[in-house]
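Visitor: The structure that follows is given in the form of structure tokens.
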Amino acid sequence: MSEQNWYETDNWYAPRAKTEQIEAAPAAEPVVQKKKKNRGWFWAAGCVLLFALIALSSLLFRKPAETPTMPQLPSVTAKPNDEMPADKEDFFESFYEKVETSNAEIGIERVVKLPDSFRLELKEPGKKELSLQELYESGSDSIVAISGFKNGQSGYNWGTGVILSSDGLILTNTHVIEDCDKATVTLYDNRELPALLVGADSISDIAVLKIDASGLPVAVFGESSRMKVGDPVAAIGNPLGETFRCTLTNGIISAIERGINYNGHSMTLLQTNTALNEGNSGGALFNMYGQVVGVTNMKMMSSYSSIEGIGFAIPSSTVKEVVNSIVRFGEVRGRPSIGITVGAIPENAKAQYDLPDGLYISEVAEGSDAKLKGIRPGDIVTAVNGIPVTTTEEIGAIKNKLQVGDVMVFSIWRDGEMLEIEVELVDTNDVYG
């Protein structure tokens, strides 16, 4: 994460008033000739105009500063067989990047008293769909801008938030305020207010802030479970910083229950082709009834090819559970965890190393029962509770029906040997707290 101060760097956000104007050299003294007009002023003015246009175009088309507030998921492709290492552990060590799975470090002052009487509820949709103009009119005032500070410097992080309550509860992404020691919230009427931390959860990437305000316009949340592929949606957020605050983009739901591995944890997200950029993090994905059905938090990118229109949002069903736990306890409690990080096995890796269908275990968390029972990196999960698994969603679907203390039976392939290992689910805070 970059620690540059965007507002002190000559970049996209620099005020145009500070841009140096390049002055043309004065035109040479013209020679006076009979019946010829003096055109020196014309050429001088033309040069000034030309240089001004060059300076302005360099400002407008300069690459924006990289806003460190929207995770970008790399598009990974396995190496061709002739480039693959002889040892499978070497291959998977490079294929799966080692990640940090501990909670985010946030130094923002916490609220003195938790607002535990608040409960986020999901509403039924209205009877009439809104136009994009009507949606923006009804929902934009509930969208805020969030600026994070570190060591007193503004512009360390920039993102978006959604107003949860009229007295100032604000929803955003955890990564928007990660590593920050102060945050401010800018409202629809341009009031900028200091924010306190209610709680933040790294696994779900959901955080709740509190500002001292009253009578705020509140966002209405709808059921993400009602969304289907092809349904139209719209996002409102603050891409690329303050200049583009409260930008509306639209698209469709491209996929539902999309399993994504982020920071060593599996997330089940909505996928959309709605344009999302740095700074959209923590903003709202609306259905066409003006209800928030997701919180935008990441996009797909690639360093070697162009990827467009693959963005993600946290479903409102997940937001509801996490927010209600945070405002009550300051953290998420009672969420079961296996304590392993798994990923799909590329087809050419299965062929090269003679591996079974399943999921590769890249990490096992300290403090988990999985670690205690001897599961280790390099193992391959072929089935859970007797059900074959090849995707993270399949494991998640089984785990999410269980509670802390319940047992899952893992079928493990290890160097040609099959093992059956019982793993007790533990509270996530005991593993990743």
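Taken together, the values in this text are just the output of simple stated rules run on the coordinates, not laboratory data. Predicted model, so just to flag it, every value in this text is computed and none were measured. Every residue, glycine as well, gets a Cβ built from its backbone with ideal geometry; the counts of neighbours run over all protein chains shown.
Visitor: Applying 1/(1 + (r/R0)^6) with R0 = 25 Å to the Cβ-Cβ distance of GLU242 and MET301, what FRET efficiency is obtained, to the nearest 0.05?
Guide: My answer for the efficiency is 0.60.
Visitor: Compare the peptides 411-420, 364-373, 314-323 by average per-residue count of other Cβ atoms within 10 angstrom and give them in order, highest first.
Guide: 314-323, 364-373, 411-420
Visitor: Compute the Rg to Rh ratio over segment 211-362 from the alpha carbon atoms, using the Kirkwood formula for Rh, and round to two decimal places.
Guide: That ratio is 1.03, to two decimals.
Visitor: I would also like to ask the following. Would you please state the base-10 log of I(q)/I(0) at q = 0.12, 0.15, 0.24 1/Å for segment 334-432, with intensities from the Debye formula using one equal scatterer on every alpha carbon?
Guide: So the normalised log intensities work out to -0.35, -0.54, -1.35.
Visitor: Any chance you could check the Cα centroid distance between segment 341-371 and segment 235-280 for me, in angstrom?
Guide: Computed from Cα coordinates, the inter-centre distance equals 28 Å.
Visitor: Something else about it: Quick check on packing: order 249-255, 83-89, 170-176 by the mean number of other C-beta atoms within 10 Å, highest mean leading.
Guide: For the peptides 249-255, 83-89, 170-176, the packing ranking is 170-176, 249-255, 83-89.
Visitor: Would you please give the residues with an amide H less than 5 Å from that of MET301, counting only those at least 5 places away or on a separate chain, with H modeled from the backbone geometry?
Guide: LEU73, SER75
Visitor: Skipping prolines and chain starts, which residues have an amide H placed within reach, meaning under 5 Å, of the one on ILE253, given they are 5 or more residues away or on another chain?
Guide: Excluding prolines and chain starts, which carry no amide H, the hits are GLY230, ASP231, VAL233.
Visitor: To continue, here is another question. How far apart, in nm, are the 7 Å Cα→Cβ label points at LEU196 and PHE329?
Guide: Computed distance between label sites LEU196 and PHE329 equals 2.1 nm.
Visitor: Using a simple spin-label model with points 7 Å from Cα along the Cα→Cβ vector, what separation in nm is obtained for GLU257 and ASP179?
Guide: Each label point is offset 7 Å from its Cα along the Cβ direction, giving 3.6 nm.
Visitor: Still on this model: Over all Cα pairs of segment 212-279, how is the pair count split among 5 Å bins, expressed in % and running from 0 up to the last occupied bin?
Guide: Percent of Cα pairs in each bin: 3, 14, 16, 19, 22, 16, 7, 3.
Visitor: Could I ask something else about it? Determine the gain in length on full extension of the stretch MET418-ARG376; use 0.36 nm per residue of separation and subtract their C-alpha separation, reporting nm with one decimal.
Guide: 13.7 nm
Visitor: Can you flag which of LYS123/LYS401; LYS299/LYS373; LYS228/LYS401; LYS127/LYS210; LYS128/LYS399; LYS182/LYS371 are past 26 Å Cα-Cα?
Guide: LYS299/LYS373; LYS127/LYS210; LYS128/LYS399; LYS182/LYS371
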